Amino acid sequence: MSIKQGIFITFEGGEGTGKSTQLSLLANYLNTQNINNITTKEPGGTAVGQELRKLLVCGDKDKFDPIAEALLYYADRRIHLTDKIWPALNNGTWVLSDRFADSTMAYQYYGYNKRVAKDVLQHLYAITVGNFKPDLTILLDIDPQIGLARSLKKAENMEIKETRFESRELEFHNSMRTGYLEMAELEPKRFVLLNANQSIESLHQEIINVVKERYKLS
């Protein structure tokens, strides 16, 4: 992987934190600044990834064991990087992604109560991603009960129910939230922690302020 020229920003958080909405609003802001950007997501940021997404976020919550699930996420991630993220960054395009590798650590390590060893996930990261990391990770935090209620309400209007993780017990989501907060503490320069339990407009303004300050935008 050569030195990138674009900026890679990821949105992380539990269910119902508004990541996709805020990502889209940030993309609109970047357009007003004449900054070329693309939006994407994990899983499902590529054509092959869309097939993997159906496997990973739909259906029975227990159809994979945690290790098999982690391997599928990293397969999706490698395709995402080689086919979409790295080429865009090398062309000077900013990439905004709804989830990246922090999600795998939060869900498959913390959420599953460490049933997948951390060093296994770190090794998978090294093989798949190398020393590449997001430039900025915006962590949207919310009480899991509130987030799950939001996410399930949104799913009512979806033809394909992407609620495999929403069907997990509250303990899973609380553990995952703890994991995210611990990761943010370990990498304070990369992570920005924001309260997602506020209006869309207020949260958007906070994100804009972070990006403007960090990248010296008007």
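At-a-glance table
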| quantity | calculated |
| --- | --- |
| Where a residue in region 122-133 is within 13 Å of ALA75 (Cα to Cα) and its partner, wherever it lies, is surrounded by 13 or more Cβ atoms within 10 Å (Cβ to Cβ) and of a type in the set (Lys, Arg), with Cβ under 7 Å and at least six apart | THR128/ARG77; THR128/ARG78; VAL129/ARG77 |
| Which listed residue, of PRO66, PRO43, is over 30 Å from SER199 (Cα atoms) and without any contact (Cβ under 8 Å) to a residue 60 or more places away in the chain | PRO66 |
| Given (1) more than 23 Å from LYS189 (Cβ to Cβ); (2) in contact with a helix residue (DSSP H, G or I) (Cβ under 6 Å, 6 or more places away or on another chain), index of the condition ARG53 fails | (2) |
| Subset of region 1-40 (residues that are within 17 Å of SER199 (Cα to Cα), assigned to a helix (DSSP H, G or I) and polar (S, T, N, Q)) | SER20, THR21, GLN22, SER24 |
| Lone qualifier among THR17, THR46, THR32 - being within 14 Å of the chain's Cα centre (by Cα) and at pLDDT 90 or above | THR17 |
| Residue check for ARG78: basic (Lys, Arg) and under 19 Å from GLU15 (Cβ atoms) | no |
| THR46 vs. criteria of a type in the set (Val, Ile, Thr) and more than 18 Å from ASP141 (Cα to Cα) | yes |
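Yes/no per residue for (1) assigned to a strand (DSSP E or B); (2) within 19 Å of ILE142 (Cα to Cα):
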position: MET183; (1), (2): no, yes
position: PRO188; (1), (2): no, yes
position: LEU193; (1), (2): yes, yes
position: ASN197; (1), (2): no, yes
position: LEU203; (1), (2): no, yes
position: GLU206; (1), (2): no, yes
position: ARG214; (1), (2): no, no
position: SER218; (1), (2): no, no
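The values are calculated or read from the model by the stated rules, or taken from the named source; none is laboratory data. These numbers were taken from a predicted model, which means no experiment stands behind them. Positions of Cβ are generated from backbone atoms using ideal geometry, with glycine treated the same way; all protein chains shown enter the neighbour counts.
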